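Trainee: Dumping the structure here so I can ask a few things about it.
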Amino acid sequence: MNRVMPYILILVSALLSSTAYAQSYADTVWTKLQEWYEDYSGDGYSVENYVVGKLDEGETDSWSFWLGGGNNYTIIGVCDEDCGDIDLAIFDDGDALVDEDVLEDDYPIVSVSPTSDELFTVDVDMYECDVEPCYFGIAIFYD
């Protein structure tokens, strides 16, 4: 039994270390989202929703949201320090591209101004990630 104990301690230590790193990356993303919130709320915007997730390089994640007609929406993406390029695209309910930001940066911004309540889908594309997975976040602001 004593021979197994060191291996169990190493395994537990590795798991705790991995969890701590993941939390650190998620905290970095959350801090960046909060910085955008401070900027946008000062300009009269409110936050509709936040999403935080993780992707490997070359992966895409999609999120669908009901957005209210008559509002102007700005969707901002952020990612952790291991991410060099993340892209956003927004599609309407008919799957038509409304806006996209495919610039080589780690803070894409897309906008939409629906005339009526409609379901929109936001694609998050992790274009460049040095240490996988990379954590990302999106914030949906409206005025």
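Trainee: Criterion first (farther than 19 Å from CYS134 by Cα, touching a strand residue (DSSP E or B) at 6+ places or on another chain (Cβ under 7 Å) and either assigned to a helix (DSSP H, G or I) or at pLDDT below 90 (or both)) does TYR37 satisfy it?
Mentor: Details: farther than 19 Å from CYS134 by Cα: yes; touching a strand residue (DSSP E or B) at 6+ places or on another chain (Cβ under 7 Å): yes; either assigned to a helix (DSSP H, G or I) or at pLDDT below 90 (or both): yes.
For TYR37, the condition - farther than 19 Å from CYS134 by Cα, touching a strand residue (DSSP E or B) at 6+ places or on another chain (Cβ under 7 Å) and either assigned to a helix (DSSP H, G or I) or at pLDDT below 90 (or both) - is met.
Trainee: I would also like to ask the following. Please go through segment 46-57 and give me each residue that is surrounded by 12 or more Cβ atoms within 10 Å (Cβ to Cβ), of a type outside the set (Val, Ile, Thr) and more than 14 Å from VAL112 (Cα to Cα), ordered by number.
Mentor: To start, the set of residues in segment 46-57 that are surrounded by 12 or more Cβ atoms within 10 Å (Cβ to Cβ) comprises 46-55, 57.
After this cut, where a residue has to be of a type outside the set (Val, Ile, Thr) as well, the list is 46, 48-50, 53-55, 57.
Scanning segment 46-57 gives SER46, ASN49, TYR50, GLY53, LYS54, LEU55, GLU57.
Trainee: Within segment 92-111, work out how many residues are buried (at least 16 other Cβ atoms within 10 Å of the Cβ) and touching a Leu at 6+ places or on another chain (Cβ under 6 Å).
Mentor: 3
Trainee: Taking segment 84-131 only, how many residues are polar (S, T, N, Q) and part of a strand (DSSP E or B)?
Mentor: Of the residues in segment 84-131, the ones polar (S, T, N, Q) are 111, 113, 115-116, 121.
Add one more test, that the residue is part of a strand (DSSP E or B), and what stays is 111, 121.
Count: 2.
Trainee: When you check GLY58 against the structure, is it within 17 Å of the chain's Cα centre (by Cα), part of a loop (DSSP other than H, G, I, E, B), over 20 Å from LYS32 (Cβ atoms) and at pLDDT 95 or above, yes or no? Write out each step before concluding.
Mentor: Working: within 17 Å of the chain's Cα centre (by Cα): yes; part of a loop (DSSP other than H, G, I, E, B): yes; over 20 Å from LYS32 (Cβ atoms): yes; at pLDDT 95 or above: yes.
Against the criterion (within 17 Å of the chain's Cα centre (by Cα), part of a loop (DSSP other than H, G, I, E, B), over 20 Å from LYS32 (Cβ atoms) and at pLDDT 95 or above), GLY58 qualifies.
Trainee: Check THR115, THR60 and return the single one that is farther than 25 Å from TYR25 by Cβ, of a type in the set (Val, Ile, Thr), touching a residue at least 24 places away in the same chain (Cβ under 8 Å) and surrounded by fewer than 18 Cβ atoms within 10 Å (Cβ to Cβ). It would help to see each step written out before you state the result.
Mentor: Values: THR60 fails: farther than 25 Å from TYR25 by Cβ.
So the residue among THR115, THR60 that is farther than 25 Å from TYR25 by Cβ, of a type in the set (Val, Ile, Thr), touching a residue at least 24 places away in the same chain (Cβ under 8 Å) and surrounded by fewer than 18 Cβ atoms within 10 Å (Cβ to Cβ) is THR115.
Trainee: Filter segment 72-86 down to residues that are within 14 Å of the chain's Cα centre (by Cα) and surrounded by fewer than 21 Cβ atoms within 10 Å (Cβ to Cβ), then give me how many there are. If you could, list the steps in order and put the result at the bottom.
Mentor: In the first step, residues of segment 72-86 are kept if they are within 14 Å of the chain's Cα centre (by Cα); the result is 74-86.
When the remaining residues are screened for being surrounded by fewer than 21 Cβ atoms within 10 Å (Cβ to Cβ), the result is 74, 81-82, 84-85.
Residues meeting the conditions: 5.
Trainee: Let me ask something else. Are there any pairs with C-beta distances below 6 angstrom linking a residue in segment 119-133 that is at positive phi and modelled with pLDDT of 95 or more to a residue that is of a type outside the set (Ser, Thr, Tyr) and assigned to a strand (DSSP E or B), with the two at least 6 apart or on different chains, and if so which?
Mentor: none
The values are calculated or read from the model by the stated rules, or taken from the named source; none is laboratory data. Just so it is clear, the structure is predicted and the values come from calculations on it, not from any experiment. Reconstructed Cβ throughout: ideal geometry from the backbone, glycine too, with neighbour counts over all protein chains shown.
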